[in-house]
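A short write-up of the structure that comes next.
Where a number appears in this text, it was derived from the coordinates with a stated rule and is not lab data. From a predicted model like this one, the values you see are computed outputs, not experimental measurements. Neighbour counts run over all protein chains shown; Cβ positions are idealised from the backbone, glycine included.
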Amino acid sequence: MRVGAFLAPFHDPRENPTLALERDLDLIVLMDRLGLSEVWVGEHHSTGWEYIASPEIFLAVAAERTRHIRLGTGAVSLTYHHPLMVADRIVLLDHLTRGRVNFGVGPGGHLSDAAMLGIPSGEIRDRMEQSLEAILHLLTSTEPLTARGPGWELHDAVLQLRPYQRPHPPLAIPSLESPFGMALAGRVGAAPLSLFFGASDLAAQWAITEDAAARAGRTAHRDDWRVVVPVHLADTREQAIEEVRAGGGEWMFEYVQALTGRPAPVPGPKDKAVDQMVEAGSWVVGTPDDLIEFIHGLQERTGGFGTFLVWGHEWAGPEATRRSYELLARHVMPVFDGSLEGLDASGHVARAKAAALHQERVKGVEGAREKHARDRAAG
């Protein structure tokens with residue numbers, strides 16, 4: 001199982017946004033150094049908490065500062081863009097990064113974004129699906145495409161630059177509440193990204209993807225499935241909770257409830273929200289051992305998935321946030337990525353032979369002493 005991160009990213013609207021964006025880039029550099037497999041960055045245009053308007057531009061900057069980590073758009077809001085422009089931009093980024101791009105797409109994360117553009121909320125999913133069909137044709141074929149959708153037209157359209165990755169950058173579709181994303185992922189062969197918020201029945205979500213894939217003549221692979229969970233780690237559970245108590249409560253009631261209109265899943269008050277979400281099994285705020293236990297349980301309940309993504313946030317201060325990712329990399333990732341298997345096997349062999357090898361060592365030392373004494377006596 002791989003481990004990565006999913007960043008909206010969220011920022012306190014009372015803080016300097018330029019510095020917040022720089023912190024995001026610094027955090028991705030840290031993730032790259034720590035060995036996280038991938039990071040996803042979203043697109044948003046309203047609320048004041050999420051202000052990366054173009055994940056492609058942001059990830060182009062991140063690509064210049066990193067070496068290994070895969071960079072995903074999580075997600076490009078296809079409803080708001082011309083499909084040819086989206087395809088052209090992602091292919092360009094694919095070349096500039098030498099194939100480190102994952103291509104996440106969605107209908108739009110906030111209805112307030114769609115409202116500004118005069119797009120009825122009931123149309124965003126249909127518009128996204130129409131756009132995706134055109135984009136997939138452009139990415140996979142040089143046959144000129146003539147098509148139209150709400151707000152866009154294509155006339156004998158061909159991408160002049162073909163994708164660096166073939167047939168195209170890996171495609172992913174996030175899903176939070178509606179079955180739409182899981183079903184569409186199965187139908188088009190994309191990787192579903194399930195955002196876990198506690199009440200989600202992930203096993204049922206995966207069944208939607210499997211069913212849609214089968215109906216389309218495809219096979220859905222669990223190794224492609226990403227599960228996204230809010231996480232914060234510290235040396236003790238009490239420390240972890242205290243580090244995010246104020247920020248987590250603020251996010252829950254001032255962002256989720258007040259700005260997006262979703263009812264908070266816990267009663268509060270704000271300073272108890274983190275405790276309540278942890279008790280409900282919705283957030284993992286604790287030690288690396290707590291997260292290891294949670295992931296094992298989640299794998300058992302869901303039947304397994306390929307990548308665990310930390311749902312990024314700034315509920316704690318920058319240093320505590322960085323420390324959380326360091327604990328993740330040092331103590332959690334090795335349990336699931338197989339990197340400890342050789343060390344464990346080597347240690348097991350050494351322990352089994354330790355007593356016998358010690359006797360050989362003693363015999364060797366005694367033999368060396370006896371030889372030394374003979375050499376001195378002879379000479």
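For the stretch 279-320, a simple Cβ point-charge model (Lys and Arg +1, Asp and Glu -1, everything else neutral) yields a dipole of about 220 debye relative to the Cα centre. Extension gain, His95 to Arg33: 0.36 nm times the residue separation minus the Cα-Cα distance gives 20.1 nm. For Arg2, the residues whose amide H sits under 5 Å from its own are Thr307, Phe308, ignoring neighbours fewer than 5 places away on the same chain, with H placed 1.01 Å from N.
One chain, two ends: Thr219 and Asp289. Fully extended at 0.36 nm per residue, the span grows by 21.8 nm beyond their Cα-Cα distance. Of the peptides 279-291, 352-364, the ranking by mean beta-carbon count within 10 Å, highest at the top, reads 279-291, 352-364. The mean sequence separation of alpha-carbon pairs under 8 Å and at least six residues apart, normalised by the residue count of the chain, gives a relative contact order of 16 percent. Placing unit charges on each Cβ (+1 for Lys and Arg, -1 for Asp and Glu) gives the stretch 2-339 a dipole about its Cα centre, and among Met116, Met333, Gly48 the Cα reaching farthest toward its positive end belongs to Met333. Each residue of the stretch 261-266 was assigned a 3J(HN,Hα) from its phi angle through the Karplus curve 6.51 cos²θ - 1.76 cosθ + 1.60 (θ = phi - 60°); the sequence is x, 6, x, 4, x, 10 Hz, with glycine and proline shown as x. Stretching His331 away from Arg67 to a fully extended chain increases their span by 92.8 nm, per 0.36 nm per residue minus the current alpha-carbon distance. Relative to the Cα centre, the charge distribution of the stretch 232-379, modelled as +1 at Lys and Arg Cβ and -1 at Asp and Glu Cβ, gives a dipole magnitude of about 920 debye. In units of the compact-protein estimate 2.2 N^0.38 Å, the stretch 14-113 shows a Cα radius of gyration of 1.06.
With a cut-off of 20 Å on the backbone N, the residues of the stretch 214-254 near the modelled label site 7 Å out from Arg14 along Cα-Cβ are 242-254. For Trp40, the residues whose amide H sits under 5 Å from its own are Ala5, Phe6, Leu7, Gly72, ignoring neighbours fewer than 5 places away on the same chain, with H placed 1.01 Å from N. Annotation: peptides 367-376, 69-78, ranked by per-residue average of other Cβ atoms within 10 Å with the highest first, follow the order 69-78, 367-376.
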